[in-house]
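Please read the structure below before turning to the comments.
The values are calculated or read from the model by the stated rules, or taken from the named source; none is laboratory data. What you see is a predicted model, and the numbers here were worked out from it, not measured in a lab. Glycine also receives a Cβ, built like all others from the backbone with ideal geometry; neighbour counts cover every protein chain displayed. Calculation scope for accessible area: heavy atoms of the full protein, side chains included, ligands and nucleic acids excluded. Shrake-Rupley method; radii C 1.70, N 1.55, O 1.52, S 1.80 Å.
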2 protein chains.
Amino acid sequence: MDTEPSWDFYRSFLTVLRQGSLSAAARELGLTQPTIGRHIDALEQAVGAELFTRSSNGLLPTDMALDLQPYAETLATTADAFLRTASSRRDKVEGTVRISASEVIGIEVLPPIIADLQDAYPGLQVELSASDALEDLMNREADIAVRMTEPQQDALLARRIGDIPLGFHAHRRYLERHGAPQTMADLAGHRIIGFDRQTAYIRMMRKLYPAVDELAAAFRTSNHLAHLAAIRAGIGIGICQTGLARPNHDLVHILADEFEMRLGTWVVMHESLRTSPRCRVTFDALVDGLLSYIKSCRGTRA
Amino acid sequence: MDTEPSWDFYRSFLTVLRQGSLSAAARELGLTQPTIGRHIDALEQAVGAELFTRSSNGLLPTDMALDLQPYAETLATTADAFLRTASSRRDKVEGTVRISASEVIGIEVLPPIIADLQDAYPGLQVELSASDALEDLMNREADIAVRMTEPQQDALLARRIGDIPLGFHAHRRYLERHGAPQTMADLAGHRIIGFDRQTAYIRMMRKLYPAVDELAAAFRTSNHLAHLAAIRAGIGIGICQTGLARPNHDLVHILADEFEMRLGTWVVMHESLRTSPRCRVTFDALVDGLLSYIKSCRGTRA
DNA sequence: CGGTATCCATATAATTATGTATAGCGATGG
DNA sequence: CCATCGCTATACATAATTATATGGATACCG
């Protein structure tokens, strides 16, 4: 290798890959099309491989370029994390903290917790990545994560919150029309909201309650938020966190004695962020907020 | 934020951090001291924080800079992985593959396996990181790893090899002088080679054989290679992989019926490297080589 | 079919970043 | 106590990178 290529080339490479054309990448990066073109040329020269096939309506990535995309993505998220950390003062709670959580937690549970946190620390910005694709804390894709599985890596600081209870729920309107099932067997006569895809959590349920799996579902979705929305819309009976029944009083927890499943919950942060005030404070706020959320889950039985 | 800083600044930042001065960093990168100085200035400007305190004999990193170091390290290893992947042709077995393994495995077990592999594929370069600090495959710090723990992440492709058996060993010379212990209790009268630090594997032994832990060690080291060297030098009786007794015929496996511990072993690779011929071939070679190594571990009893 | 809007490639001009040379500062050693 | 060495900071010339401007190719649409 003569000399290492400029790291800026990786940025240009990734942007072209995402945007699909030199021109669009140039607009994105605030540069010009010939510049990006030269970057790609130089990178291809440096690695001795063709990365894109040029055409008059854009650049088509080669298989090699697609292989390289994850590396470039990592570079981008890491550079982002670098700036996020560097741009916040070490001695004050300010700057941006990026939180990763599942969609349901991120949308139904976290907002009030974050609101209180930001009331207390006006200089604190929060980026919430509400996605079921869990982001990698080791890669610093997020600073703090709420997870339903226990993290394995030693470098991660994890705090177990407890178990979030799940149960069958239905809208009051649905129950008024169709009656409330008293036993698991009664479910057979009801409209069931089911899951579309296999996830770890569905496999767990299948193991604990094989009967549930055999119910014919009237509405299936792989999206947990859509599942919840279906319950709230009165489509039928589905499973959700019992804590979500409380804020919306039209949701009723049914079969509470027959069916119980719990999701272990952890708040996780990279160990090295312990000394960062903004991460520390956010971590603590999430722990406190989720603890009281779990406490509120009790006593919502029908 | 006006505009994102050049990614090259991160490289200069990291090099200054590692080298301790602008001048040394400039030499390392093939640039000049004023250039590196300007990069650091620009980065400090961009993030609005002081990263180094300048002195006449170098640059001293601030706490902030030390916080940022891991991010910069990740950038460097990822850029490296990018080049490694990009510089090898997709259709041929050539280019560099980086293997991570423990010191003992990397030094005592892998070399002959790698030799055979490279005989078969002359264009294949191998980088071996023989370190007990396990490198992160998610971060692409290595392409393939030999691990003694089962990997958790879904994105990793893991192949279980089996269990590597461990046992007490001593040099023939030591046994001629001091006699061979026939029972675990006999160990008390012998010179024992022990471990210095707590590791997962020591905790496991402590659990299975609490008696072993109470033996007074005549020689302690936290380095497994040094431990092995001590056994080979005839210092006393210590624990090592039974497979290591074979190539060196002066090493004798003792108390084989009294003591047995096994280390589960996996070869692990990032799932996305499956399509890369060089990684695929290396992965398979490691699997085959380690399988036959484990097979060779049997039948070496004294 | 002509008009328009993309896109990439190339040549040239402007800007920016880099290297060279030098001065100044502090530590080290005879 | 001065010479030396290594470091950073600055000034200036130069090289490298970038933006601008233009041409050619392709797709889309009325």
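Tabulated results
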{"quantity": "Copies compared at residue B:115 - label distances in nm, ascending, label defined 7 Å from Cα in the Cβ direction", "calculated": "7.0"}
{"quantity": "Furthest towards positive pole of dipole, A:169, A:62, A:99, structure part the protein assembly as shown, Cβ charges", "calculated": "A:169"}
{"quantity": "Dipole axis of the protein assembly as shown (+1 Lys, Arg; -1 Asp, Glu on Cβ), positive-most option in B:114, B:124, A:263", "calculated": "A:263"}
{"quantity": "Residues in segment B:156-200 that a label on residue B:261 would reach, taking backbone N under 14 Å of a point 7 Å out along Cα→Cβ", "calculated": "B:164-169, B:193-200"}
{"quantity": "Point-to-point label distance, residue A:281-residue B:63, nm (Cα→Cβ direction, 7 Å offset)", "calculated": "1.5"}
{"quantity": "Span-rule helices in chain A, defined as complete DSSP H runs reaching 20 Å or more along the axis (Cα) with Kyte mean at least -1.0", "calculated": "A:33-47, A:63-86, A:277-297"}
{"quantity": "Copies compared at residue B:288 - label distances in nm, ascending, label defined 7 Å from Cα in the Cβ direction", "calculated": "6.1"}
{"quantity": "Segment B:7-86 - percent of accessible surface contributed by carbon and sulfur, probe 1.4 Å", "calculated": "47"}
{"quantity": "Charge tally in the Cβ shell below 12 Å around residue A:187, where Lys, Arg are +1 and Asp, Glu are -1, residue A:187 excluded", "calculated": "-3"}
{"quantity": "Contact order relative to length of chain B, as percent, for alpha carbon pairs under 8 angstrom and 6 or more apart", "calculated": "20"}
{"quantity": "Total formal charge among the other residues, if their Cβ is under 14 angstrom from that of residue B:82, Lys/Arg +1 and Asp/Glu -1", "calculated": "-3"}
{"quantity": "Label-point gap, in nm, between residue B:226 and residue B:250 - each point 7 angstrom along Cα→Cβ", "calculated": "2.2"}
{"quantity": "Magnitude of the charge dipole, segment B:53-173, Cβ model with Lys/Arg +1 and Asp/Glu -1, debye to 20", "calculated": "280"}
{"quantity": "For segment B:35-97: rounded, prolate or oblate by the Cα gyration tensor [a/c cutoff 1.5]", "calculated": "prolate"}
{"quantity": "Order of exposure, largest accessible area first, which applies to A:27, A:89 with probe 1.4 Å", "calculated": "A:27, A:89"}
{"quantity": "Computed magnitude of the charge dipole of the protein assembly as shown (debye, nearest 20; Cβ of K, R +1, Cβ of D, E -1)", "calculated": "940"}
{"quantity": "Unit charges on C-beta of K, R, D, E only; dipole of segment B:7-86, Debye", "calculated": "280"}
{"quantity": "Share, in percent, of DSSP beta bridges within chain A that are antiparallel, nearest 5", "calculated": "65"}
{"quantity": "Within-9-Å neighbourhood charge of residue A:102 [Cβ basis; K, R +1; D, E -1]", "calculated": "-1"}
{"quantity": "Anisotropy class of segment A:163-263 from Cα gyration tensor, a/c 1.5 cut", "calculated": "rounded"}
{"quantity": "Per residue accessible area of segment A:12-64, 1.4 Å probe, in Å²", "calculated": "51"}
{"quantity": "Using a Förster distance of 45 Å, the FRET efficiency for residue B:73-residue A:183 (Cβ separation, nearest 0.05)", "calculated": "0.20"}
{"quantity": "Label 7 Å beyond Cα on the Cβ vector: residue A:138 copy-to-copy distances, nm", "calculated": "0.6"}
